[in-house]
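The values are calculated or read from the model by the stated rules, or taken from the named source; none is laboratory data. Computed from a prediction, not measured in an experiment: that's the story for all the values here. Here the Cβ positions follow ideal geometry from the backbone for every residue, glycine too, while neighbour counts run over all protein chains shown. What goes into the accessible areas is simple: the full protein's heavy atoms, side chains included, and nothing from ligands, DNA or RNA. Shrake-Rupley method; radii C 1.70, N 1.55, O 1.52, S 1.80 Å.
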Amino acid sequence: MSAQGWPENYDGVMLQGFYWDSYTDTKWTTLESQADELSQFFNLIWVPNSAYANATSSNMGYHPVYWFDHKSAFGTEAQLRSMINTFKEKGVGIIEDVVINHRASVNSNWLNFPAETYKGKTYQLTAADICQDDESKNSGYKPTGAKDTGDAWAGARDLDHSGENVQENVMAYEDFLLNDLGYIGFRYDFVKGFAAKYVGLYNKTAQPQFSVGECWDGNKTVVTNWINGTKVDGVIQSAAFDFPLKYYINDAFALNKWSRLNGGCLANDNNYKRYAVTFVDNHDSGRFGDAPLYDNIEAANAFILTMPGTPCVWLGHWKQYPATIKKLITIRKAAGIHNQSGILQKSASSTGYVLQVQGTQGNVLLLLGNATASTDGMKLATEGTNYKVYVSEAVDVSALDDIGDDPVFTIPSFCKVNDGEICAFFEIPSTYSNIRCWAWNDKCNFTTGVWPGATCTLLGNNKGNKVYKWTWNGKAYKPNTTTEMTPDDIPAKIIFNNKVASNNDGRQTADLTFVNGGYYIEQGTLRGVVVTGTQSISRVNTSDNPSAIYSLDGRRVSQPKPGIYIRNNKKVVIR
């Protein structure tokens, strides 16, 4: 059977089983210990590159040195094999992160590549296998391969895929991944770095069941051109991540630009939705300072888990909202939605979005924001902040009854807010330091008025992450002279960053909505609010009480039911 890039009418869901620096959460032994749970919901799990990279800790594997030695920051080769086999026995395939655009050398010696033996044959790269325009030429080395067929990557040596020796090395490597280690498919890293036809060549030879390329571009035409570029004898050989849809998702769910969800992307195109691997965030976009979705994460996952294409759930979101995602996957599978399902309805308004998709067992109707639509012949399956999911009456979603609620995020006890204090908290991985805050409204800046703002105070650690606090010093900077400050003024927006005043290096969050006492995490998500006391009110009317209402885990609530909430940095009991 010839490789076809991605199965047609495929109804599986993929999990990206890692995030950046996820060395503890995604050890092979840790993932294997979760096999019983993960196998109930996911058909594929994409794991980090497992090849040895001159370090067995603090290395994500994107500059591999060896291709046939698979001890890594995530575990030994024996542990890797055990993990792959355990999931295989439960019907879950493991996808390897394949990095073949470039390769690192032994001990960072530029062009010193190891000799490795597989099936009795020795494989090794030399200067003749490196693109002649590789950066090493500027340091006294003489790569003699052909010119690069794609974008350069300065961090490691760019491989000349037109050369016979490189092709033989790659083909042997992929054979080892599939037929020795037991991977089921590939996620190709940085495919813009070399011509798409080589992915076609390698897949035609290796025959992975699944292949998806990281063609990171918001322009649909660029991505579809890459997909078509993988054709062998007129047959597409790889799917691609739907990066255009990723950016539409950011605009829709963070900025309420709902019409963006109708934009040109793979999942909206009948010719390409089979090859669309949809996602909300991944290890790169979800990092501090990149392009994560900050708001409505659950609603955004509801969208990709209703759409055609193959949804890829990110581990960072799975850890935050496991119950929500379990319910959404259960609904998708009960209705029989697959990667080529038909879109029956999609419409945007200024207040929301309506999506209806046809599955093999019934239809799914998704209402986002404040959208409304006829629900005749349908029943409510699940709902959450800014989304409701309906299914056809005949669809059996009784399995939802066995799924509980998401865990409540617990803020560390050392986070305190004093009476009258204007402050915020930020949790960030331990690899970052020098955290600063930039807070403002339309009247003034609250954080020195000089970028990158006020220094935050390190309070302690929470599960291996650092927790910082910013407190307003009571001074207003660069005030707008046409307005006057009042005692009730607080920032409207806030940014956390690890930049320094002397340059613009480092990372930063997007412009986040400020909540006094808010506890924000790396992706910029508001995970809770630290409060000072409790007050009780009998009702909330937005015209009488203009301050926003939040649930105890930091979610904004437009129509609160009776219970305990946060308003103006105080606990309130709504009766």
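Full extension of the chain between Tyr477 and Ala128 yields a length gain of 119.7 nm, computed as 0.36 nm times the residue separation minus the alpha carbon distance. This model, with +1 at the C-beta of Lys and Arg and -1 at the C-beta of Asp and Glu, gives region 1-123 a dipole about its Cα centre of some 480 debye. As a test, work out the antiparallel percent of DSSP beta bridges whose residues both lie in the chain, rounded to the nearest 5. Here the share of antiparallel DSSP bridges comes out near 65 percent.
Remark: spin-label model distance Val500-Thr486 equals 4.2 nm, labels positioned 7 Å along the Cα→Cβ axis. Expressed as a whole percent, the accessible surface of the chain that belongs to carbon and sulfur atoms is 45, based on a 1.4 Å probe. Against the empirical 2.2 N^0.38 Å (N residues), region 117-177 has a Cα radius of gyration ratio of 1.18.
Is the shape of region 151-192 rounded, prolate or oblate, going by the alpha carbon gyration tensor and its root eigenvalues a ≥ b ≥ c, with a/c under 1.5 for rounded and a/b larger than b/c for prolate? It comes out oblate by the Cα gyration axes.
Taking 18 Å as the cut-off, the amide N atoms of region 319-352 that come nearer than this to a point 7 Å along the Cα-to-beta-carbon line of Lys463 belong to 319-326. Oblate is the label for region 98-236, because the ratio a/c of its alpha-carbon gyration tensor axes (a ≥ b ≥ c) is 1.5 or higher and a/b is not greater than b/c. Annotation: amide H of Asn112 within the under-5 Å range of Val106, sequence separation 5 or more or interchain, hydrogens built in the peptide plane. Considering helices alone, the calculated mean residue ellipticity of the chain at 222 nm is -5000 deg cm²/dmol, with DSSP H runs of length four and up weighted by -39500 (n - 2.57) and normalised per residue.
Per residue, what accessible area does region 316-382 have, given a 1.4 Å probe and all protein chains present, in Å²?
On the way: 2440 Å² over 67 residues.
The answer is 36 Å² per residue.
Taking 0.36 nm per residue of separation and subtracting the Cα-Cα distance, full extension of the segment from Lys493 to Glu421 would add 24.3 nm.
Of the peptides 104-114, 391-401, how do they stack up when ordered by the mean number of other Cβ atoms within 10 Å, highest first?
In decreasing order of mean packing, 104-114, 391-401 become 104-114, 391-401.
Protection proxy ranking of 70-79, 262-271, by the mean of other Cβ atoms within 10 Å over each peptide's residues and highest first, is 70-79, 262-271. Tell me whether region 228-370 comes out rounded, prolate or oblate; compute the Cα gyration tensor, take square roots of the eigenvalues as a ≥ b ≥ c, and use a/c under 1.5 as the rounded threshold. Note, shape of region 228-370 comes out rounded. Relative contact order (percent) for region 1-121, with alpha-carbon contacts under 8 angstrom and 6 or more residues of separation? Taking the mean separation of contacting Cα pairs over the length of region 1-121, I get 25 percent.
Rolling a 1.4 Å probe over the protein heavy atoms gives region 86-221 an accessible area of 40 Å² per residue.
Once the chain from Gln559 to Ala146 is taken as fully extended at 0.36 nm per residue, the excess over their C-alpha distance is 142.4 nm.
With both labels modelled 7 Å from their Cα along Cα-to-Cβ, the Ser259 to Asn434 distance reads 4.3 nm. When the C-alpha to C-alpha distance is required to be over 22 Å, the pairs from Lys246/Lys466; Lys90/Lys326; Lys257/Lys388; Lys147/Lys273; Lys346/Lys379; Lys231/Lys333 that qualify are Lys246/Lys466; Lys147/Lys273; Lys231/Lys333.
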